[in-house]
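Undergrad: This is the structure I have questions about; it appears just below.
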Amino acid sequence: MTLVSVLHRVASNALRGRVVTYVICASALLVYIEALAMYDAEQNAPGSSITTFSEALWWSVVNVATVDYGDFTPVTGLGRGIDVCLMIGGTALLGVVTATLASWLVEKVSATESKAESATAEHAAQLLAEIRELRRTVEDAQLGRVAEVATAPR
């Protein structure tokens, strides 16, 4: 819990940072709890390949990463149920990581597009000001000619 509070402070107030912090902590907790449950369910089962906590922890890490080498497999019904829970947790973990990455990419692209739109609007405003100035210059020139023609001797 201390680690969670430290990571929470480091991640600041950014929602994405908090999500990542909680996902990492929840995943570590899930792996550990699933390893304990698997060890309890499989340690004395006949034909079980998971007989030590370190094997259960390895099995849990490999399954949550959706790799599953197959070197350790549960043989009891309870062990298989625990396996299903960990598979769902691993898939959810990958989904959150993918969604967080996609959110970050969309934010970066959006910021770049926003800057480009801002620059385009600024250029349009400058062009409009130049056009207005040119119109004034043309109008002044036309008025000057009209005044010259009206005051010219006949």
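The values are calculated or read from the model by the stated rules, or taken from the named source; none is laboratory data. Keep in mind the model is a prediction, meaning the values are calculated, not measured. In this analysis, Cβ positions are derived from the backbone assuming ideal geometry, glycine residues included, and neighbour counts consider all displayed protein chains. To get the accessible areas, we keep the full protein, side chains included, count just its heavy atoms, and leave off ligands, DNA and RNA. Shrake-Rupley method; radii C 1.70, N 1.55, O 1.52, S 1.80 Å.
Undergrad: What does the charge count near Asn63 come to, summing +1 for each Lys or Arg and -1 for each Asp or Glu among other residues with Cβ under 11 Å from its Cβ?
TA: With Lys, Arg at +1 and Asp, Glu at -1, the neighbours total -3.
Undergrad: If r is the Cβ-Cβ distance from Leu105 to Gln126 and R0 is 25 Å, what FRET efficiency results, to the nearest 0.05?
TA: It comes out at approximately 0.20.
Undergrad: Same structure again: Going by amide H atoms built from the backbone, whose H comes under 5 Å of the H on Asp68, apart from near neighbours?
TA: Asn63
Undergrad: Which FRET efficiency value, to the nearest 0.05, do you get for Ala45 and Ile24 by plugging their Cβ-Cβ distance into 1/(1 + (r/R0)^6) with R0 = 25 Å?
TA: E(calc), rounded to 0.05, equals 0.20.
Undergrad: Continuing with the same structure: Under 8 Å for C-alpha pairs, at least 6 residues apart: give me the relative contact order for region 10-139, rounded to a whole percent. Walk me through the numbers on the way to the answer.
TA: Numbers: 94 pairs, mean separation 27.1, N = 130.
Rounded, it is 21 percent for region 10-139.
Undergrad: Roughly how many percent of the accessible protein surface of region 24-127 is carbon and sulfur, given a 1.4 Å probe and a whole-percent answer? Each step should come with its number before you reach the end.
TA: Numbers: 4380 of 6430 Å².
That share works out to 68 percent.
Undergrad: Quick check: Cα centre of region 80-96 to Cα centre of region 20-43, how many Å?
TA: Cα centres, region 80-96 to region 20-43: 11 Å.
Undergrad: If each residue of separation counts as 0.36 nm, what is the full-extension length gain between Leu94 and Gln142 once their alpha-carbon separation is subtracted?
TA: 10.1 nm
Undergrad: Here's another thing I want to ask about it. Go through region 78-83 residue by residue and turn each phi into a ³J(HN,Hα) via Karplus (6.51, -1.76, 1.60, θ = phi - 60°); whole Hz please, and just put x for glycine and proline.
TA: Couplings: 5, x, 5, x, 4, 4 Hz.
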